[in-house]
Structures are given as structure tokens and as C-alpha cells.
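The values are calculated or read from the model by the stated rules, or taken from the named source; none is laboratory data. Bear in mind that the values here come from a model prediction, so they are computed numbers and not experimental data. Reconstructed Cβ throughout: ideal geometry from the backbone, glycine too, with neighbour counts over all protein chains shown. Heads up: the accessible areas ignore ligands, DNA and RNA and are worked out on the full protein's heavy atoms, side chains in. Shrake-Rupley method; radii C 1.70, N 1.55, O 1.52, S 1.80 Å.
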Amino acid sequence: QKTNTNFVNNEKSLILYNLLNIKNKFKLRKDLDKELELLSLRIEDNLEIKMLLTNFKNIEVVKLITNEKLLEFLNEKINFYKKDLSSFIKSSLQKNTINHNDIFDSREKFLKYIQDLISSTYKITKVTDDSDNNENLFLNESDLISKLEMAKEYLIFGKLNTSVKILDNSVFDDYEINRWIQDAKKLEVAVNMLNLIESKLIDYIGEEFD
């Protein structure tokens, strides 16, 4: 009986050790083929978990983006759009003053003008060398900045799914943000699958060795 108990405890320890090793290597974005194969051999009688391990093995973990990179991108985008918005306001002020000689005669009018700029959807005109060729872009950059900052906060608190939904449901057409969404979704799939494997393994240990 004691020998059997030792064997059971040893098997539990090995499965948990393999699981922890997989989670650590996943975090470091290292290849998991060897660890997944070893774990699969220890649960020959559970086809559901073996299938999950096989599917997880098909994910190129080494190519998955990290949470740190996702966060770094959001910070860069936030800074970029804040700078762009600031430049737009400055440009609009200069245009107002130079082209229309409209000088603000009070601090209140000036502040109201800035507030209107930020709170509304503005029309940004990109002027090429040929003044007849103007490309009009309609953006609400303050709203985009708000969405980016919200996505960042959820990501910091480990809510990757919510972070992705915030930007995925937005209507902003930004190639880099769309790429971020796709990379984040791939990571989300992998994380969810790993969490499911962990849950199933814990249940398996309880069922098999109680």
C-alpha cells in the first residue's frame, strides 16, 4: 500500500512538474515539443487531454507576441496620437491666426476653442505639394487615445480578452492597430488553450489518483 501511494504521489508530481515547465517555457516563448510529448505519454488513457496537447503543439509558441510587446506597442501608439493631436491643434491655431487674423481676445475664448477641438470629430486635411490635391481624413483622435488607454489598462490587469475587444470593436482604420489585434488574438487563443489544459490536468490527477 505504501509503495502504491508513493507511486501515485510520484506520478502526480511528475505531471505537475511537466505542466509548470510548459507554463514557464511558454512565458519565455520557447519550444514546447519535448515537454508536451512527455506529458502526453503520461496520460495515455485520456484522449481529450491528449488531443488538447496535440492542438497546442501546433501553435508556434516561439512566434507568439508577448504581453510586454503588446503593452509597449500601446504606449507607443498613445504617445504618437497624443503628439499628432497636439500638432493638429497647433496647426489649427496657426491657420486661424494667419489666414483669418482671428486673434483670441480672451483666455475664455481660447480655452473654449481648444475644448471644441478636442471634444469634436475633426477634419484633418493633409496637404501635398500641389495645393489642389487635398486628402481629407475624418478622425476623432481623442476617442482613439481613450480607447488605446482603456485597452492598456485592461492588459496591465491581465484582461487580454477585454483589451482585444475594446480595439476590435472600434472603427478606427489603423494598419498597425489591426495587426496588434490579430497578434493579440493569436496569443489569446494560446493562453486560453493552456489554461484549459491546466484545468483538465488538475481534474485528471484528482480522478485518477484519489
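In table form, for the structure just shown:
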quantity: Scope the range 157-175; condition open to solvent by 90 Å² or more (accessible area, probe 1.4 Å) and closer than 18 Å to Val191 by Cα; matching residues; calculated: Phe157, Lys159, Lys165
quantity: Filter result for Lys57 (closer than 20 Å to Leu14 by Cα and either at pLDDT 95 or above or under 28 Å from the mean Cα position of the chain (by Cα) (or both)); calculated: yes
quantity: Any hit, the range 95-108, residues being at pLDDT 95 or above, out of contact with any Gly (no Cβ under 6 Å at 6 or more places or on another chain), open to solvent by less than 100 Å² (accessible area, probe 1.4 Å) and outside any helix (DSSP H, G or I); calculated: no
quantity: Test: residue in the range 4-12 that is of a type outside the set (Gly, Ala, Ser), open to solvent by 60 Å² or more (accessible area, probe 1.4 Å) and at pLDDT 90 or above; calculated: no
quantity: Subset of the range 26-55 [open to solvent by less than 90 Å² (accessible area, probe 1.4 Å), free of Cβ contacts under 8 Å to residues at least 40 places away in the same chain and not in a helix (DSSP H, G or I)]; calculated: Arg29, Asp31, Leu32
quantity: Residue satisfying condition, being touching a Leu at 6+ places or on another chain (Cβ under 6 Å), buried (at least 17 other Cβ atoms within 10 Å of the Cβ) and either at pLDDT below 95 or under 23 Å from Leu52 (Cβ atoms) (or both), within set Ile197, Ile205; calculated: Ile197
quantity: Pair list, Cβ < 7 Å and 6+ apart or interchain, from the range 166-192 residues that are more than 21 Å from Leu28 (Cβ to Cβ) and at pLDDT 95 or above to residues that are in a helix (DSSP H, G or I) and among the acidic types (Asp, Glu); calculated: Ile181/Asp168
